[in-house]
Structures are given as C-alpha cells and as structure tokens.
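For reference, the structure discussed in these notes is given below.
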Amino acid sequence: MSKISRRRLLKAGTALGIAGSISHSIGKTTAQSSPALEKYVQPLPIPAVRDPDGKRKGAEYHEVSVTEFTQNLHPDLPDTTVWGFDGSFPGPIIEGRRNQHLKVRYDNSQLPSDHLFDVDERIRGTKPEDYPQYDGPVPEARTVTHFHGLNIEHASDGQATMWKSPDGITGPGFVKHVHDIPNRQSRCTTTYHDHALGISRLNVYAGLAGFYFIRSQVEENLNLPSGEYEIPLMLQDRSFNEDGSLYYPDSFVANFAGDTAVVNGAVWPYLEVEPRRYRFRCINQANGRTFNLHLKNESGTAVPTLYQFAADHGFLKSVVPLGPEHTLKSLLLSPFERADIIVDFSEYAGETFTVTNTAEFPFEGKNEGSDLPEVFQIRVADPNTKPKDTSADPADLALPPNSDINKNAARTTRHMVLSMTMDKYGLPLHLINHSRFFEETTVKPQLDTTEIWELENTTHHAHPIHLHLVDFSVIGRGPNGTKEPAPNEQIGKDVVRVNPGETVRILVKFGDFTGKFPFHCHILEHEDHEMMRPFEVVTGNENGPSRKSRPQKN
Ligand SMILES: [Cu+2]
C-alpha cells in the first residue's frame, strides 16, 4: 500500500487540473459515506503495554516515536494511512504507578512535513501571525502530546503552543522534550493524545492517541478482574474513502463525526469473553461524538449489569449499577470521559451482546437515537467447564474512601458562559466567556484554594468541558445548577458534560502546582477553534516558584 495519502494525491491531481471535491459545509457534515463494511468480522485488538526504554534519574523512561504508517482497520478495507505512537493506532498502553516518577519523550522527527489532512489556515494557531510575540515559522505538521488528567507541572503538560515539527521547529510555548510525570494522584484510566494548537482535531483523528493508566496498591487490593480479564476500550468514530484512507473534511467544520465505529483501532470488532467477570476501562476518544452505551442481547433476553466503580479518577463513592433494571439505564460518555466498569458474564454462556449507542450527533442531551447505532459486539463462550473466577463480586464491592473536596472551603465562585457566534469567515465559533484563547488570562486561582465554577451553556449542543491539572467534583446541574448530578459523575472528574440550557457547577481544588494551564471544550473541533482558555494558579505574589506536589490518599 502506497504511503501517499489520498489528500496528497488529490493535491497533485489538482495541480494537474483534475478537480478534487471540496466540502464547504459549516455545520454538521455528512458529506462522505464510508464504504459499507461488514460488522463483527474481526476480533477486538488489545493494545500492548509498553516496556520502558530504561531509567533516567531513577525514573522509568519511555521514548515513543510519532510516525506515519499504514494499518489494516478492517479485512475488506485497503490499508489505512494513519499517524500513531510506536507504529500503532492506538498507541501502546503506557503504565505508571502511583507516586512513582515516569519520564516520557516523544520523537516526531520521522513524521512527514506535510499533514495527512488539509490544514485550514482560517483556524487560530496555523500561521505565525496567530501567535502573540512570535515570528517563527508554523510548519503544517506539528505535534505535542498531552497527558490528559494528570497532576503535573506546566512544562510537562504538553500544552497547545508547546508543539514541535519533524524538523525540530518548536512552538512559542515549548519548554522541554521530556515529560516528567510524578503520578502523585489516584489510580486512573486516561490517555495521552495530541494537543497542537489549531490542528488537534486533525492529529488525533489521524491516530495520535493511546491509553495511560495509573495503577495503585489500593486498586489492586480490590481484587478486580485483571490480566487478560482487564480490557481497555478506546471508542472512536472514523469515515473512510474507498481506497481505505481516512476521510476528514478539507475545510473546517464545527461538528464532524465519522460514520463507522472504531474500537482499539478496529472497525466494528467483536470481543470473545469467558462466562465470568471482566473489567473494562472505557474511554470515549472520538473527536466530537458522544456515546450513550447499552447492551443488547441478540437473543432478545436479559443483559448483565454494568457495575461502574470509577469515572475519570479515583473511585466513585459507591459502585453504580447501569442497565435496564437500574435507575441509570446506560453508560453515557462524552468525548474524553472515562468509565471503569465490571461486567459479570457468568450467567450468559453462549450469548451475544451488541454494544449499542443512542446518543444523537451533535449531542443535545436528548438520547433520541444515533446515526451510529452500533459500536462493537461481545460473544460469551460456552465452555464445558465453568472458568474459575476468584475476583470480587462487583455488586457488593466496598470502594476506598476518596479524599473528597470540601465544598465549604470554596471562597471563590466563577461564572463561565459557553456561547456560540460566527467568526469573520462565517464559521461557527464557540467561546468561553466570550473570549478567545490568546486573550488576557483572567482566571487566576490561588494555590491551595478551592473554587466553584459555574459552566452555563447557552448553545444548542452539549460541550464536554475539561480542566488540565486538576480533578473535580460535580455538585449541580440542570437549568439553575441545583439538580443533583448522576451518581457516576459526582466525584473524580476532569471532563464534565454541559447540556444545552444547563448550568453545571463544579468544585475544584488547585492543590499542587502553580503556573498556566488550559481549560477547554473537549470536542476537538471546538477546542481547535477558540473554545479554550487559560487559567493560572498563583501564589500570593503571583510569581512564586512551582511547589512540589504531595501524595494523595488513594
Ligand atoms: Cu464544545
């Protein structure tokens, strides 16, 4: 399979006078239909856990390549040119242990200098004049890898202006090559993914994402299903051209979703399980699509309960059962939200479950049905002898106490308005407090203080709002921010869904590091087009040195 992408061929074709079709849709795009691909004909791939490349200053050290390569995503689809980490899409699992330092460097020097997709220069961050006090070049291909949800110093955060091009040009925010990760925080399932200003949507869609786990003794003491019974699930959507290449619109669209489900880099895969308990680490890693997941028994009978014990970080207050017999019927994940769940298949030998999706796109909080109604399939084996399963019963799993954020400690309340307008090109422009990314930093929490942020959504679509550096509690939602949040989103969050017409109230403690960090919508098309703002954690004099972080309880 040629490494030349369709887009590069089209560019050449246009130069020769052959017109390529260009979509100028500004709303939701359905311009492209992927080839029809048979569902559930290939097994779910499980990403490998990455071995460290050695040690540096006592910390395990990883040096991860960022390259372009081809990978087969479905047996009936020609190989797809993607970008990925260590030559795989998604990248390998990088594992940290709580309170043990890890150092990671990303090497993108072998990446092509032209992008896999068209870079729309109307979007901020794609040209030198977009940056304040910067007159260097802004190459088309640039990457910077962010570790999502980590309690980490500014310089290691992998922020939007810290990008680097394959030939070594660095963005104005670039500080250092090696990310220093202290892992001084609770266990979590999270992700490392691209965050380059103005092209994050393109880089992540090209494939730049992988799992990051923090494991802890506290978690291991719970006796959860482990080893081959612990399954990571990275949920994405993609669209394809007939030649197998990824389809993404040539011009900016504010809402784009693929028409094909991709899980762990495979189109509509199936997973074979034994009739026993499994743990699933779920992340919605789609650019902009929300998933509202249900199990459907193909024989029309009952389905097992999904027992959720963690959201983005740490542990929930207690296990939350999800399913048709419970208060919460489904697992709702907006982009980059996570869920750790246990499912017991022991009573379902020989049965097949389809994982279905009822979230509309773009998501409006209605759950009225999806254009992508199926995601993957789970087939339970029917062996002669029942497998031995000594893992804990999720129905009465006692979860470790969380170091809850004290609501009474909040001294500052900030109101943030999520709004939509049009930019000078007529493109939909989503903003936070009517401000763009490079405007003055006005949000300056004091180190070691707790704040309440009120996120008011005045637009017609839901926005998943993410804060770097911290995890937070969700203390209210609904029209006035006073409705109790669902039990599986109350604590341990770093992304929160804000539905249209809602005000979501979050409780945030700025505990460990000073410095500048972004908060943004995690719909990548919105984030790329200005729905991102900075906050700066300051000490009394605003310029105090970055303080060492302290271990947390679990
Ligand atoms: Cu948004």
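The values are calculated or read from the model by the stated rules, or taken from the named source; none is laboratory data. Since we're looking at a predicted model, the values are computed, not measured. FYI the Cβ positions are ideal-geometry reconstructions off the backbone, even for glycines, and counts take in every protein chain you see. Keep in mind that these areas ignore ligands, DNA and RNA; they rest on the heavy atoms of the full protein, side chains included. Shrake-Rupley method; radii C 1.70, N 1.55, O 1.52, S 1.80 Å.
What a 1.4 Å probe finds exposed on region 36-220 is 44% carbon and sulfur by accessible area, rounded to a whole percent.
Applying a threshold of 30 Å to the alpha-carbon distances of Lys39/Lys164; Lys296/Lys317; Lys55/Lys164 flags Lys39/Lys164 as lying beyond it.
Expressed as a whole percent, the accessible area of region 407-537 that falls on carbon and sulfur atoms is 47 (1.4 Å probe). A Förster radius of 45 Å combined with the Cβ-Cβ distance from Val41 to Thr327 puts the calculated FRET efficiency at roughly 0.80.
When only alpha carbons are used to place a centre, region 118-141 and region 287-337 end up 40 Å from one another. Fully extending the segment from Asp107 to Asp371, taken as 0.36 nm per residue of separation minus the present Cα-Cα distance, adds 91.3 nm. Note on region 396-554: lysine pairs with Cα distance below 27 Å, sequence gap of 8 or more or different chains, count 22. Put simply, region 99-188 fits an ellipsoid with semi-axes of 27, 14, 12 Å; these come from the alpha carbon gyration tensor as the roots of five times its eigenvalues, largest first. The share of accessible area on region 284-325 that comes from carbon and sulfur is 54 percent, using a 1.4 angstrom probe. Each label point was placed 7 Å from the Cα along the Cα-to-Cβ direction; for Glu129 and Ile169 their separation is 1.6 nm. Annotation: region 36-220 has a Kirkwood hydrodynamic radius of 17.4 angstrom, from the mean reciprocal C-alpha pair distance. In region 36-107, the convex hull through the Cα atoms has an average projected area of 6.1 nm², a quarter of its surface area.
Measuring max minus min along each principal axis, the C-alpha atoms of the chain give extents of 67, 61, 51 Å (largest first).
Its residue count N fixes a reference of 2.2 N^0.38 Å for region 439-500, and the Cα radius of gyration divided by that reference is 1.19. The GluC sites (Glu not before Pro) of region 424-480 that meet both conditions, a loop assignment by DSSP and at most 14 other Cβ atoms within 10 Å of the site Cβ, are Glu439, Glu440. Averaged over its residues, region 36-188 has an accessible area of 38 Å² per residue, based on protein heavy atoms and a 1.4 Å probe.
The chymotrypsin sites (Phe, Trp or Tyr not before Pro) of region 393-446 that DSSP puts in a loop, and whose beta carbon has at most 15 other beta carbons within 10 Å, are Tyr425. Give me the tail of P(r) for region 127-235 as a percent: Cα-Cα pairs with distance above 25 Å. Percent of Cα pairs beyond 25 Å in region 127-235: 33.
One chain, two ends: Gln100 and Ala349. Fully extended at 0.36 nm per residue, the span grows by 85.6 nm beyond their Cα-Cα distance. Listed peptides 134-146, 503-515 appear in the order 503-515, 134-146 once ranked by packing, highest mean of other Cβ atoms within 10 Å at the front.
Convex hull of alpha carbon positions in region 340-419: directionally averaged projected area 10.2 nm². Quotient of the Cα radius of gyration of region 278-349 and 2.2 N^0.38 Å, N being its number of residues: 1.13. Dividing the C-alpha radius of gyration of region 407-537 by 2.2 N^0.38 Å, with N its residue count, gives 1.01. With a 1.4 Å probe rolled over the protein heavy atoms of all chains, the accessible area of Trp163, Trp268 falls in the order Trp268, Trp163, largest first.
For region 475-533 and region 89-104, what is the separation of their C-alpha centers, rounded to whole Å? Comparing the Cα centres of region 475-533 and region 89-104, I get a distance of 25 Å.
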